[in-house]
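Down below is the structure, laid out as structure tokens.
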Amino acid sequence: MNFWLLSPELSVCGIALAVILLDLVIQQKKLLAGLSVAALAIPIAFTIVLWGERQTSFNGMLVVDNFSLFFKFLILGIAALVIVSSVDYVNKFARFQGEYYALVLFSAIGLMLMASTGELISIYVALELSSISLYALVAFLKDKKSSEAGLKYMILGAISSAVLLFGMAFVFGLTGTTQLDQIVDKVSGLVSGGQLWDSPALLLGIILMVAGFGFKIASVPFQMWVPDVYEGAPTPITAYLSVASKAAGFAVILRVFYTAFGIPLLSENWGMTFAVLGVLSMTLGNVVAIAQTNIKRMLAYSSIANAGYLMVGLAAVSSLGRSGVLFFLASYALANLGAFIAIIAISNKTGSDEIADYSGMARRAPVLALVLTLCLVSLIGIPPTGGFIAKFYIFNAAIQHDLLWLVIIAVINSVISAYYYLRVVKVMYTGEAASEEAVPSSIPLRAALTITSLGVLLLGIYPWVVLRLAEAAVAMFSP
């Protein structure tokens, strides 16, 4: 057992425990956020040092390679931005700030492990570790909406976990192993006749696993929890769920399906499955988002639609598609976090998440309105933002895989999405302001807004650094 390979996760665990202990003695609770973010430099440093490693430990349960390290960078960065953006918001539960930051860090450990596991049982344990913390965070406001959201998320999450575990049990029963790199050899023998239908139990196991993971990434038809949970959860946690949970979900899907089910016969079938789910997700998400009047519910359906765009990359079943998924996740994380951070500042002042209450916001808070506009433009996929490069990259992979029909549907959906994203921009810049009072924002919030907006622009103007990292991360998978 090589505990050095677990150094990023162990250091995050240490930070979370330190935050809980410091909460007992520190009077200025706002220091907890600064200490948490500063301490995250330690696991980030460990991750940098580990880059280029390709090792397994703990009997194959832990896999450390560029793929897992890419997601560790991403999740640690997301966690840091969420903590920074929470500095003003935590006044709503001032007595429990230490517990709040600690739960964010504990959930990050589970999400990081999801990208680093090479065995079915450890995948399930990592998923549950992140989920238990997230259930508590969603219900953290303790009001009616938040409590209902937490209960709904926990019940549906438990059901999806059971479905996932049932699918894993089928695969284990047929192959006699839970190691992903050993499952592929057994599966090759099961479908050696050339027809997937020759092994209906394997087919059922894969379908159940798709359903279980589908809940994590918020894809149709497993998205029923998203709107109410996103609306009821504390806004920083809504942002966290929309990007970190989705990133970890796609990480584990890529790991499982390209390692355990990566043989050509299987990849053709699950690739088409993801193509169909992608069409359903992007279409339902975009069409229903048009009718939303609450900005958090609108971005909830937007999150469903973006899961559909990401599944275009999965459907391509190629190296270009895999690296496209990783770049898309990085771009989407910056744009969505930036949008939600701006929403936090505005809702802290107005006390409302209704789109109508954003009227005239460009005059009251020009910087916030500009950042929110930039992030929404990136979510549409308009240059010169990272969202444009992400969609161009992922759609190109699908076209090269003869999925032109899928790209046409995705482009049409992107046009549909422009309507509800730009509706918010129109309200902010052309509507009458309910008040002339300025909307304040703290220094940490402005710092987070600066990082996300610059990131969105840099990925649109100079995407090559992240693209090269994404390509290096997926190079470990078979062509």
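For VAL377, which of the numbered conditions (1) touching a Gly at 6+ places or on another chain (Cβ under 8 Å); (2) in contact (Cβ under 8 Å) with a residue 60 or more places away in the chain; (3) in a helix (DSSP H, G or I) fails to hold?
(2) is the only condition that VAL377 fails.
For the condition closer than 21 Å to ARG363 by Cβ, of a type in the set (A, V, I, L, M) and either touching a residue at least 24 places away in the same chain (Cβ under 8 Å) or loosely packed, with under 15 Cβ neighbours inside 10 Å (or both), what is the one hit in VAL407, VAL425? Spell out how you get there, then give the answer.
Details: VAL407 fails: closer than 21 Å to ARG363 by Cβ.
From the options VAL407, VAL425, the qualifying one is VAL425.
Kindly establish whether LEU368 is closer than 18 Å to SER242 by Cβ and either assigned by TED's automatic domain parsing to the domain that holds GLU471 or within 20 Å of the chain's Cα centre (by Cα) (or both).
no
Among THR259, THR293, THR273, THR283, which is under 13 Å from ILE355 (Cβ atoms), touching a residue at least 24 places away in the same chain (Cβ under 8 Å) and out of contact with any Gly (no Cβ under 6 Å at 6 or more places or on another chain)?
Of the residues listed, the single one that is under 13 Å from ILE355 (Cβ atoms), touching a residue at least 24 places away in the same chain (Cβ under 8 Å) and out of contact with any Gly (no Cβ under 6 Å at 6 or more places or on another chain) is THR293.
Hey, among the residues in region 271-293 that are over 21 Å from the mean Cα position of the chain (by Cα) and not small (Gly, Ala, Ser), which one's surrounded by the fewest Cβ atoms within 10 Å (Cβ to Cβ)? Working first, answer last.
Initial filter on region 271-293 (over 21 Å from the mean Cα position of the chain (by Cα)): 272, 287, 290-293.
With not small (Gly, Ala, Ser) added as a condition, the list becomes 272, 287, 290, 292-293.
Working: MET272: 14, VAL287: 15, ILE290: 13, GLN292: 19, THR293: 10.
Top of the filtered list is THR293.
Any idea how many residues of region 39-66 are of a type in the set (A, V, I, L, M) and under 13 Å from SER11 (Cβ atoms)?
Initial filter on region 39-66 (of a type in the set (A, V, I, L, M)): 39-42, 44-45, 48-50, 61-64.
Right, trim to under 13 Å from SER11 (Cβ atoms) and you get 39-42, 44-45, 48-50.
So the count comes out to 9.
Has region 322-345 got at least one residue that is on the phi < 0 side of the Ramachandran plot and either surrounded by fewer than 19 Cβ atoms within 10 Å (Cβ to Cβ) or in contact with a strand residue (DSSP E or B) (Cβ under 8 Å, 6 or more places away or on another chain) (or both)?
Residues of region 322-345 on the phi < 0 side of the Ramachandran plot: 322-345.
Then keep just the ones that are either surrounded by fewer than 19 Cβ atoms within 10 Å (Cβ to Cβ) or in contact with a strand residue (DSSP E or B) (Cβ under 8 Å, 6 or more places away or on another chain) (or both); that gives none.
Within region 322-345, none of the residues are on the phi < 0 side of the Ramachandran plot and either surrounded by fewer than 19 Cβ atoms within 10 Å (Cβ to Cβ) or in contact with a strand residue (DSSP E or B) (Cβ under 8 Å, 6 or more places away or on another chain) (or both).
Here are some conditions: (1) at pLDDT 90 or above; (2) of a type in the set (Gly, Ala, Ser); (3) under 20 Å from ALA275 (Cβ atoms). SER219 meets all but one. Which one does it not meet?
Unmet condition: (1).
Is there a residue in region 106-113 that is touching a Leu at 6+ places or on another chain (Cβ under 6 Å), within 20 Å of LEU326 (Cβ to Cβ), in contact (Cβ under 8 Å) with a residue 40 or more places away in the chain and of a type in the set (A, V, I, L, M, F, W, C)?
No, there is no match, as no residue in region 106-113 is touching a Leu at 6+ places or on another chain (Cβ under 6 Å), within 20 Å of LEU326 (Cβ to Cβ), in contact (Cβ under 8 Å) with a residue 40 or more places away in the chain and of a type in the set (A, V, I, L, M, F, W, C).
Counting just the residues of region 430-445 that are modelled with pLDDT of 80 or more and buried (at least 17 other Cβ atoms within 10 Å of the Cβ), which one comes out nearest to PHE388 (Cα to Cα)?
LEU445
List the number of the failed condition for LEU379; all other conditions in (1) at pLDDT 90 or above; (2) more than 30 Å from ASN269 (Cα to Cα); (3) touching a Ser or Thr at 6+ places or on another chain (Cβ under 8 Å) hold.
Going through (1) at pLDDT 90 or above; (2) more than 30 Å from ASN269 (Cα to Cα); (3) touching a Ser or Thr at 6+ places or on another chain (Cβ under 8 Å) one by one, LEU379 breaks only (2).
Looking at PHE46, PHE3, PHE58, PHE96, which is the one that is touching a helix residue (DSSP H, G or I) at 6+ places or on another chain (Cβ under 9 Å) and within 24 Å of SER242 (Cα to Cα)?
PHE96
What are the residues in region 1-12 that are buried (at least 17 other Cβ atoms within 10 Å of the Cβ) and either part of a loop (DSSP other than H, G, I, E, B) or not aliphatic (A, V, I, L, M) (or both), if any?
SER7, PRO8, GLU9, SER11 - these are the residues of region 1-12 that are buried (at least 17 other Cβ atoms within 10 Å of the Cβ) and either part of a loop (DSSP other than H, G, I, E, B) or not aliphatic (A, V, I, L, M) (or both).
Out of all the residues in region 440-453, is one or more touching a residue at least 60 places away in the same chain (Cβ under 8 Å) and closer than 30 Å to PHE274 by Cα?
So far as region 440-453 goes, yes, one or more of its residues are touching a residue at least 60 places away in the same chain (Cβ under 8 Å) and closer than 30 Å to PHE274 by Cα.
Within region 16-68, which residues are of a type in the set (S, T, N, Q), crowded, with 16+ Cβ neighbours inside 10 Å and farther than 13 Å from LEU5 by Cβ?
SER36, ASN66
For LEU254, all conditions in the list (1) of a type in the set (A, V, I, L, M); (2) farther than 25 Å from ALA139 by Cβ; (3) not assigned by TED's automatic domain parsing to the domain that holds LEU156 hold save one; what is the number of the exception?
Condition (3) is where LEU254 drops out.
Only one of these is within 19 Å of the chain's Cα centre (by Cα) and not polar (S, T, N, Q): ALA356, ALA390. Name it.
Sole residue among the options that is within 19 Å of the chain's Cα centre (by Cα) and not polar (S, T, N, Q): ALA390.
Restrict the check to region 137-144 and report whether at least one residue is surrounded by fewer than 17 Cβ atoms within 10 Å (Cβ to Cβ), under 26 Å from ALA80 (Cβ atoms) and modelled with pLDDT under 85.
Looking through region 137-144, at least one residue is surrounded by fewer than 17 Cβ atoms within 10 Å (Cβ to Cβ), under 26 Å from ALA80 (Cβ atoms) and modelled with pLDDT under 85.
The values are calculated or read from the model by the stated rules, or taken from the named source; none is laboratory data. Note that this is a predicted model, so its numbers are computed, not measured. Cβ atoms come from the backbone with ideal geometry, glycine included; neighbour counts cover every protein chain shown.
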